[in-house]
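What follows is a single structure, written as structure tokens, with notes after it.
The values are calculated or read from the model by the stated rules, or taken from the named source; none is laboratory data. Just so it is clear, the model here is predicted, and its values are computed rather than measured. Here the Cβ positions follow ideal geometry from the backbone for every residue, glycine too, while neighbour counts run over all protein chains shown.
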Amino acid sequence: MARLIDLLEQLRNGTKTSMYWIAEPAYVHQGEYDYLLRLIDALADKGADAVKFHIMLNPDEYMVPEHPLYKELQKWLFTREQWRELFARCRKHGMEIVGLADELPSLEFLIEENAEAIAIHATSINDTYMLKGLAQARQPLFVGIGGISFPEIEYMLKLLGDKRNLMMMYGIQEYPTPLEHVHLQKLPLYEAKFQCPVGYADHTASREELGRYLAFATAYGLGARLFEQHVTLDLSVKREDDEAALEPDAFAELRGQLELVSRMTGSAVMNIGTEERAYFSAVRKCLVAGQDLPQGTLLTEQHVKYKRTQTQGDMDQRDIVHLLGKTLQQPVRKGDAFCWRHLGENGRP
């Protein structure tokens, strides 16, 4: 599994060869502790580098009691000790913890528990108290920026101060998001504007297999290397937050598809691979004799042609400038490729 801190070091150095995949249960567990344990176990060896948990310890710090979700949310919360056990289960499987803090008590808890990364939802993007607390955290920080304007991000950055390991996660949340609303061109816009890594958090429909693959592949092509995907145990059973979720096996398949995209993309360093050069060498036209040429012939354009041959010469196509005007030191038959030896010992420049 990839380690987030290693990936961040790569990204700071301008290297984009690795990816980091986050599986997000959100509230799909609906307060069922055993369900979440089983989901964590099911994600083992499915390509998740981290699991992102929504942590809420005091709902009164998050919403007013009159909110329509307040009573239901009360049923979905876990204790500190349960969260510690869930974190331990993830780490046992080699997966890191990304803790989304919904309110200050959960933020303080995540800092104390040394979560590998902390996240805040777009709903808290300008929560001054949360941002001041995050500024004190030593962990890397994921910030959800779906639907967020530049001025709102600038305010956030001002309060966070010099937060070195900051990452933004872009994704439009419509539960599910229609493909035409994904707007992936914003990924490089945010990255260029704020000079920090920007990842892609998917919210396309669970059954939208081709569309999701195209969204992730496009995001990769636009520079994203941080990916987040909702997960659930069984899509046949309707649960909270599963409109854009994948089952663990489908999560693994999606990552495998993106690994293939990564291999297809290759390196950003300009070099010609041996397989590329081998193909060109096999099919390129050579400099060949347009007619039988005896020793002593003064070569002109009438004598030299570009043609494909079965036997390659040792001259490049550009070497015609070294042929024209030279005198052959050896005879060359019509259709044979010119070689440096045909010009004698001093023929090669």
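Observations on the model:
- Test: residue in the stretch 156-179 that is within 21 Å of A117 (Cα to Cα), among the small types (G, A, S) and over 18 Å from the mean Cα position of the chain (by Cα): yes
- Residue within the stretch 118-130 that is farther than 23 Å from D60 by Cα and part of a loop (DSSP other than H, G, I, E, B) present: no
- Selected residue (criterion: modelled with the lowest pLDDT) from residues of the stretch 8-31 that are assigned to a loop (DSSP other than H, G, I, E, B) and surrounded by 15 or more Cβ atoms within 10 Å (Cβ to Cβ): K16
- Test: residue in the stretch 14-34 that is without any contact (Cβ under 8 Å) to a residue 40 or more places away in the chain and either over 21 Å from L235 (Cα atoms) or hydroxyl-bearing (S, T, Y) (or both): yes
- Of all residues making up the stretch 290-319, the number that are surrounded by 16 or more Cβ atoms within 10 Å (Cβ to Cβ), under 22 Å from F280 (Cβ atoms) and of a type in the set (V, I, T): 1
- Looking only at residues of the stretch 71-86 that are surrounded by fewer than 14 Cβ atoms within 10 Å (Cβ to Cβ) and not in a helix (DSSP H, G or I), we find that the one that is farthest from the chain's Cα centre (by Cα) is K75.
- T123 being surrounded by fewer than 17 Cβ atoms within 10 Å (Cβ to Cβ), under 27 Å from the mean Cα position of the chain (by Cα) and within 30 Å of E154 (Cβ to Cβ): yes
- Of the residues making up the stretch 194-214, at least one is in the same structural domain as H121 (by TED's automatic domain parsing), of a type in the set (D, E) and surrounded by 16 or more Cβ atoms within 10 Å (Cβ to Cβ).
- So L287, is it at pLDDT 95 or above, in a strand (DSSP E or B) and either within 15 Å of the chain's Cα centre (by Cα) or not polar (S, T, N, Q) (or both): yes
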